[in-house]
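I have placed the structure first, in the form of structure tokens, so that the comments after it can refer back to it.
FYI, it's all coordinate maths here, none of it is from the lab. This is a predicted model, so every value here is computed, not measured. Quick reminder, even Gly has a Cβ in these numbers, built from the backbone with ideal geometry, and neighbours come from all protein chains shown.
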Amino acid sequence: MNVYILNIETATTNCSVSLSKNGETIVLKEDNDKNYSHAERLHVYIDDVLKEAKITTEDIDAIAVSKGPGSYTGLRIGVSAAKGLCFALDKPLIAIPTLEALANQVKIKDGVIVSMLDARRMEVYSAIYDSNYNQIRATEAQILDEIAFSDYLENQKVYFIGNGVGKTKALINHPNAVFVEDKLPSSNEMSLLACTKYKKGDTEDVAYFEPYYLKDFVALKKKA
């Protein structure tokens, strides 16, 4: 029996929607607009992938969403859309860690992967995975400096990926550092991760699920 999962990724500027069949992406629609066009494009992309796959919302078995960390606004839009669909269609919700899906874009036999997203100033949100995508260091908000990740760089290749790579590359000069540039989280890598969770029954409580912001959102008041 085929398992269809709709995957939604909005944690960064990449508005990305995919439809997977048995863990494999069959349709992908995404656009990295630097101006965060998620509110305008997300539901259009959802309609587009379903039409291209020639299925309806009733054929979907589950909806997966990138849960963060990432942009506060982007995550809110993606999670709100996913929860709305789950409520309307009575489908389960699957949450995929953004940094885990991002790490899956790197294919290596040895070494480790540092999956990182840009935060404010010299800060990044990062997590570290081995070559089999097992998480070996928890997700952290960390301040970058010249000795960041030095424990990992000493004896193995370290592959950095995500939109935090630019500021990292400017600081770290090490022969074991490999910078995978111009990559953002995509719903494409969510397909297999979401299907695996679905088969395990690893789903969320739709009513109470919230994105993983990592840090509290602080709204700045306008000056009088």
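Here are the numbers for this structure:
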read-out	value
Using alpha-carbon coordinates, inclination of helix 38-53 to the longest axis of the chain, degrees	60 degrees
Segments 162-168, 137-143, 208-214 sorted - mean Cβ within 10 Å per residue, highest first	162-168, 208-214, 137-143
Principal semi-axes in Å for region 106-180 [√(5λ), Cα gyration tensor, largest first]	18, 14, 11
Among [x] 56, 51, 29; [y] 45, 41, 37; [z] 72, 50, 28, the entry that matches Cα extents along the principal axes in Å as calculated here	[x]
Protection-proxy order for peptides 46-55, 98-107, 8-17, 31-40, each taking the mean of Cβ atoms within 10 Å per residue, highest first	8-17, 98-107, 46-55, 31-40
Dipole magnitude of region 106-180, debye to nearest 20 (Cβ charges: Lys/Arg +1, Asp/Glu -1, about Cα centre)	280 debye
Computed [θ] at 222 nm, deg cm²/dmol, the chain (DSSP H ≥ 4; -39,500 (n - 2.57); rounded to nearest 500)	-8000 deg cm²/dmol
